[in-house]
Amino acid sequence: MNNTNDKNLLFSSNFNKPLGEILVEAGLVSLAQIEIALHEQTQSNLKIGEILALHGWIKQETADFFVEQWAKLVENQQKQPLVYYFKEAALLDDQQIATLLKEQKEQQKKLQKKIRFHNIAVEKGYLKRITVDYFLASLFNIYGSGIFSFTKPYEILRSYTNGETNFQRTQLSSAPLIGISLKKVVLDESNLKGANLTSCNLSYSSMIQVNLALANLNKAVLTEVNLEGACLNQANLREAHLERVNFQKASLQGADLSDAYLLQTCFAAADLKDAQLPSEYPYEVYYDSQTCFDDNFDPVSAGWIRQD
């Protein structure tokens, strides 16, 4: 998002957001970790922050900070220096702060210009850039380029944990969905253009006419997924597990399928122009007379099986 008003909307509901969603947006946990915590929460009386802390993914003090203090601090017009909030959130301790302040002083003396404390914290690996950006946006209305609302992905994970599977026509364009597992779901006609689905597992799902153009599906597991009529132009499917996937009438122009596993995958009437395909096929791959290939690719020589 480049529009400041649109960005303000992402943080206007900070007070009502679930802890897990806040932690993901702040880059402190991943969606895959939240998915695990949500599942474990259904089998225990523990709070989401307690589960995340028990796994060692965050400190309990960090969870308590966002539950007890965050909304008040965001609303308070009298702001403290940014480092104050990092300390309160147990993201930096006194020793780390002292080390960074010393480094800040040395760099400013050497370069003869002002150096932001939080930039040094990121440079030295104490904080993630996404975490700094989240604090700046939430507290000071200063927005970086990596701001993304996780409201919809979080809602889907929570609903999926509660047994819901129908998520058709969902808007998830550019969503960072790395490592999530959503098996046997319905995502028909959803928009996942540019989404990052690296190492995700969507096996046995229906994704008819889904927009996955420019999406990153590297090492994704899509066993028996129905992608009929889907758009996967310039999608990254390298090393993806595509066993028995239905790509009938799908557009895969410019898609990268190198090193993908295509056992009994169907490309009937699919458009594979400019697609990068695996070099070897020690298994059955299906196509028909309407499948479009580049002129230099011979499916017969490659061992593909024609089904008309």
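Each value in this text was obtained by applying a stated rule to the coordinates, not by laboratory testing. All values derive from a computational prediction rather than experimental measurement. All Cβ positions, glycine included, derive from the backbone under ideal geometry; neighbour counts span all protein chains shown.
For this structure, a couple of remarks:
- Annotation: amide H-H contacts under 5 Å for Asn196 (H modelled 1.01 Å from N, sequence separation of 5 or more, or interchain): Ala175, Leu177, Asn216.
- If the segment from Ala71 to Tyr204 were pulled out straight at 0.36 nm per residue, it would be longer than the present Cα-Cα gap by 43.9 nm.
- Extension gain, Glu50 back to Tyr84 (0.36 nm per residue minus Cα-Cα distance, nm): 9.9 nm
- Straightening the chain between Lys152 and Asp64 buys 29.3 nm, computed as 0.36 nm per residue apart minus the Cα-Cα spacing.
- Using the Karplus relation 6.51 cos²θ - 1.76 cosθ + 1.60 with θ = phi - 60°, the per-residue 3J(HN,Hα) values for segment 133-140 come to 4, 5, 5, 5, 5, 6, 8, 10 Hz, with x marking Gly and Pro.
- Here the Karplus curve 6.51 cos²θ - 1.76 cosθ + 1.60, taken at θ = phi - 60°, turns the phi angles of segment 207-223 into couplings of 10, 5, 6, 7, 8, 10, 4, 6, 6, 9, 10, 4, 6, 6, 10, 10, 4 Hz, with x standing for Gly and Pro.
- In straight-distance terms, cross-link reach from Lys47 covers every one of the lysines whose alpha-carbon lies under 16 Å from its own, apart from those fewer than eight places away in the same chain; here that gives Lys17, Lys59.
- Summing Cβ point charges (Lys, Arg +1; Asp, Glu -1) relative to the Cα centre of the chain gives a dipole of roughly 1540 debye.
- The Cα-based radius of gyration of segment 165-308, divided by its Kirkwood radius, gives an Rg/Rh of 0.95.
- Take the Cα of Lys113, go 7 Å toward its beta carbon, and the backbone nitrogen atoms of segment 71-107 under 14 Å from that spot belong to 107.
- Amide hydrogen proximity for Ser181: with H placed 1.01 Å from N in the peptide plane, the residues at 5 or more positions away or on another chain lying under 5 Å are Asn201.
- Karplus-derived HN-Hα couplings along segment 66-81 (A = 6.51, B = -1.76, C = 1.60, θ = phi - 60°), whole Hz, x at Gly and Pro: 6, 6, 9, 10, 4, 4, 5, 5, 5, 6, 5, 6, 8, 8, 9, x
- Net +/- balance of residues flanking Lys249 in space, Cβ distance below 9 Å, scoring K and R +1, D and E -1: -2
- Relative contact order (%) - criterion: Cα under 8 Å, at least six apart; region: the chain: 9 percent
- Rounded to 10°, Cα long-axis angle of helix 94-111 versus longest principal axis of the chain: 90 degrees
- A crude spin-label estimate for the pair Val122 and Asp295, with each label 7 Å from Cα along the Cβ direction, gives 4.8 nm.
- Dipole moment magnitude, nearest 20 debye, segment 165-308 about Cα centre, only Lys, Arg, Asp, Glu C-beta charged: 620 debye
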